[in-house]
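Enquirer: Here it is, the structure in full.
All of the numbers you see were taken from the coordinates with simple rules; none came from a lab. This one's a predicted model, so the numbers in the text were calculated from it and none came from an experiment. Quick reminder, even Gly has a Cβ in these numbers, built from the backbone with ideal geometry, and neighbours come from all protein chains shown.
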């Protein structure tokens, strides 16, 4: 019962949210990504390469406990999940691009998370730790939480467009509230026996916020330099800036058996939905469309 929200309620909720987002998508939305893949490739490169570099620079030059530094690297190694997809959906961004990046990155992390975490342990606490993610479990999660619900949503949009239109508006209100409720359960009930102290939160918050905003700014700047559409600019901004804190907690607490490392993604996950929503809205509001696309 200790992890009932993390193990049961959260995956089901994320699947429902992805299905809801799929109601707004068509087959053409996904095919356009591969016809014009510049945005997709740009976003993945930012997440895989630039984000860990940003986290490393922060961890290298700020006065943090070495275990917290590894925790910061862990959160940087975990790609945005359904939460980033939801923020993109709420801001009416390129949801198909967001979901495609999430699905692809979830596969890539089978390699990148062990590499980043192993290097971080060696650099910051001089410890070796060989571990790997469960391939079968990861593939199953990608299918059940991302691919299948999104596909069902697009089928409803195609075969029952009136139903999709009726559901879309109330879901924009229900989905964020549902996700918030589940995350509160994860943080305060599942993590209740190892609750974070006020002093830990105060000490870690500035660095988690710095990672969040530095990543978003970097994603936006790179998307601007690549002359992507504003729609893709703030979608990539969100994807690069909002990481999967739930996965990071699993890596830190379950795989590495370190509560201290797990505190960083707990703090990170407590505010980044709102900070990323605000930053993405700001980028969209400025609407600095590039001269050419």
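Enquirer: So what's the stretch 1-123 giving for Cα Rg divided by 2.2 N^0.38 Å, two decimals? Display every interim value, and only then the final one.
Expert: On the way: Rg = 16.6 Å, N = 123, 2.2 N^0.38 = 13.7 Å.
Dividing the Cα radius of gyration by 2.2 N^0.38 Å gives 1.21.
Enquirer: If I take R0 = 51 Å and measure r between the Cβ atoms of residue 198 and residue 143 in this structure, what FRET efficiency does the formula 1/(1 + (r/R0)^6) give, to the nearest 0.05? Let's see the in-between values first.
Expert: Values: r = 40 Å, r/R0 = 0.79.
E between residue 198 and residue 143, to the nearest 0.05, is 0.80.
Enquirer: Once fully extended, how much extra length lies between residue 163 and residue 108, figured as 0.36 nm per residue of separation less the alpha-carbon to alpha-carbon distance? Can you show the working numbers first?
Expert: Values: separation 55, 0.36 × 55 = 19.80 nm, distance 3.53 nm.
Working it through step by step, the gained length comes to 16.3 nm.
Enquirer: For residue 209 and residue 119, compute 0.36 nm times the residue count separating them, minus their Cα-Cα distance, and round to one decimal in nm. Could the numbers behind the result be given before it?
Expert: Details: separation 90, 0.36 × 90 = 32.40 nm, distance 2.30 nm.
Gain on extension, residue 209 to residue 119, equals 30.1 nm.
Enquirer: What whole-number value in cubic angstrom gives the convex hull volume per residue for the C-alpha atoms of the chain? Numbers along the way, then the final one.
Expert: Numbers: hull volume 36.2 nm³, N = 293.
Hull volume normalised by residue count: 124 Å³.
Enquirer: Evaluate the distance, in nm, between pseudo-label points positioned 7 Å from the Cα of residue 136 and of residue 31 along their respective Cα→Cβ axes.
Expert: It works out to 3.6 nm between the two label points.
Enquirer: Below 8 Å, C-alpha to C-alpha, sequence gap of six or more: please give me the relative contact order for the chain in percent.
Expert: On the way: 400 pairs, mean separation 93.4, N = 293.
Computed value for the chain: 32 percent relative contact order.
Enquirer: Set the Förster radius R0 to 35 Å, insert the Cβ-Cβ distance between residue 254 and residue 173 as r into 1/(1 + (r/R0)^6), and round the FRET efficiency to 0.05. Walk me through the intermediate numbers first.
Expert: Values: r = 33 Å, r/R0 = 0.95.
Step by step, r from the Cβ atoms, then E = 0.55.
Enquirer: May I ask you to order 254-260, 81-87 by the average number of other C-beta atoms within 10 Å around their residues, highest value first?
Expert: Working: 254-260: 16.1, 81-87: 26.9.
Listed from highest to lowest mean packing, they are 81-87, 254-260.
Enquirer: Separate question: Would you mind putting 48-61, 153-166, 227-240 in packing order, based on average other-beta-carbon counts within 10 Å, highest first?
Expert: The most tightly packed comes first, giving 227-240, 48-61, 153-166.
Enquirer: Report, to the nearest 10°, how far helix 272-286 tilts away from the longest principal axis of the Cα atoms in the chain, using its own Cα long axis and a range of 0 to 90°.
Expert: 50
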